[in-house]
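What follows is calculated from the coordinates using simple rules that are stated; it is not laboratory data. Since we're looking at a predicted model, the values are computed, not measured. Reconstructed Cβ throughout: ideal geometry from the backbone, glycine too, with neighbour counts over all protein chains shown.
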Amino acid sequence: MEILKPEELKEKFNDPWIAPYEKVITMADGDKVELIEYHPCPSGSNWLLYQYQHSSELIIDAKRDGNKHTYLCKVGKKPLDLKASINAAGIEEVAIDEEKNEVKVTHGGLAGAGVGAGMCRGMGEGVKYIELLEVGGGSKEGKATVVTPKYEKLVIGIDDTDVKDAGATWTMAHNIGLQLKEEGYEYLDHIIVQLFPHNPHKTQNCVSIALTFAVLKEEKENLINRLIEILKHDTLSDKTAIAILEGIGIPPKLREYAMATKTGMMDVETAEKLAEELNIPLLAVTGEQGKVGALAALGLYDDVDEAVKVYY
C-alpha cells in the first residue's frame with residue numbers, strides 16, 4: 001500500500017491516460033454516507049454510474065446530474081465480484097474514522113475503471129490522500145481507498161424574498177449560495193420547488209427554494225448565521241423565512257407536507273406545528289408567511305422532477 005496526496009499523485013502519474021476528477025465530497029449521517037463526485041467526463045460518466053449500481057452492495061441509491069455523481073451508501077465492507085464489462089467497477093468498503101473526522105471509500109475496477117478507482121479520483125479537489133492498493137490499467141485490476149473530510153449535510157429552505165414589482169427568490173437564493181461558496185463553504189445544489197399556483201399570497205410563480213450544503217460540524221452554526229445575515233440585507237420582502245434540515249434523508253411527514261403545499265393551501269400554524277414535531281428550525285427572517293414555502297422546499301429537495309411539477 002502506498003499513501004499519496006493529490007499533488008503527489010499528479011507528479012507520479014502524469015500519463016495521458018489519467019483524467020483527474022474535479023472534486024470529491026463525502027457527507028455522513030449515522031451509518032449512511034452520501035458520496036458526491038464530479039467526474040472528468042459529463043455524459044460519458046453514465047457508464048460508471050451504471051456499473052457501480054450493479055456491482056456494489058453498499059450502494060443504496062445513485063443518480064447523475066451532468067458530471068456530478070451522487071451515491072448514497074451504507075457503512076460496511078462487501079467484496080466486489082468484478083467481471084469485465086458486466087461488473088467492471090464498484091465500491092468495496094465505506095468507513096468513517098470519527099477520531100480523524102474522515103470518510104474512507106474503497107473503490108475497485110478493471111482496466112480503465114481501475115485507473116479511475118485511485119489515480120483519477122485521488123487527484124480531485126477535496127481529497128486528503130489515497131491509499132493506493134493496486135495500480136490499474138490495461139487488463140489489470142485497480143484498487144484504492146479515497147480519504148476525504150467528513151462533512152454533514154445541511155439543507156436550507158427559503159421563501160418570500162421578492163415583492164410584486166421587484167425581485168426573484170430563485171436568483172437571490174442562488175446568489176447567496178455563491179457568496180457563501182466564495183467565503184469557503186461547500187454549496188452543492190439549488191432546487192426550485194413549485195407550490196400551489198392559486199395561492200392568493202403568491203408574488204407571481206409561487207415557488208420556494210432549497211439550498212444544499214456540505215458543512216463541517218463546527219462550521220454549521222456560522223454558515224446558518226451568515227446566510228441569515230445576507231438574506232436580511234438582500235431581501236425585498238417583509239415575509240421572508242427559512243427552514244433548516246440537517247442530515248441525510250427526508251422524514252415521510254415532511255414530504256407529505258410538501259406535496260400538500262404543492263396541491264392546495266397551507267397555513268403558517270400547520271407549518272410551525274410540523275416543524276416543531278420534526279425538530280426542524282423554522283425561522284422568520286423578516287416575517288412569518290414565508291415559513292409555509294420554506295418548510296415545503298425541504299420536503300422535495302431530493303426529487304427535482306416532482307419538485308417542479310404544477311398541480312392545477
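Give me the log10 of I(q) over I(0) for the chain at q = 0.10, 0.11, 0.14 Å⁻¹, as the Debye formula computes it from C-alpha points; what are the numbers?
The calculated log intensity ratios at q = 0.10, 0.11, 0.14 Å⁻¹ are -0.60, -0.71, -1.00.
Please identify every one of the GluC sites (Glu not before Pro) in the stretch 61-145 that sits in a loop by DSSP and has no more than 16 other beta carbons within 10 Å of its own beta carbon. If you can, show how the numbers build up before the last one.
On the way: sites: 92, 93, 98, 99, 102, 125, 131, 134, 141; in loops: 98, 99.
Of the GluC sites (Glu not before Pro), the ones in loops of the stretch 61-145 whose Cβ has at most 16 other Cβ atoms within 10 Å are 98, 99.
Take the Cα atoms of the stretch 214-312, find their three principal axes, and give me the spread along each one in whole Å, biggest first.
Cα extents, longest axis first: 38, 31, 26 Å.
Cross-link partners among aspartates and glutamates for residue 253, C-alpha distance below 18 Å, same-chain residues fewer than 8 apart left out?
Excluding near neighbours in sequence, the set is 267, 269, 272, 276, 277, 302, 303, 306.
Classify the stretch 2-151 as rounded, prolate or oblate from the Cα gyration tensor: take a ≥ b ≥ c as the square roots of its eigenvalues, call it rounded if a/c is under 1.5, otherwise prolate when a/b beats b/c and oblate if not. Write down the numbers at each step before the final one.
Working: a/c = 1.35, a/b = 1.10, b/c = 1.23.
In terms of gyration-tensor shape, rounded.
When the chain is treated as a GNM, springs tying every alpha-carbon pair under 10 Å, which of 268, 155, 105 comes out with the largest mean-square fluctuation?
268
Long-range amide H contacts for residue 186: which residues qualify at under 5 Å (H placed 1.01 Å from N, peptide plane, sequence gap of 5 or more or a different chain)?
214
Would you calculate a helix-derived [θ] at 222 nm for the chain, using -39,500 (n - 2.57) for each DSSP H run of n ≥ 4 and dividing by the full residue count, to the nearest 500?
Values: 9 runs with 86 residues, N = 312.
It comes out at -8000 deg cm²/dmol, rounded to the nearest 500.
Please report how far the C-alpha centroid of the stretch 3-49 lies from that of the stretch 106-147, rounded to the nearest whole angstrom.
After rounding, the separation between the Cα centres reads 8 Å.
Any of 32/143; 68/100; 68/153; 10/150 with alpha carbons more than 20 Å apart? Name them for me. List each step's numbers first, then the result.
Working: 32/143 22 Å; 68/100 26 Å; 68/153 16 Å; 10/150 24 Å.
Beyond 20 Å: 32/143; 68/100; 10/150.
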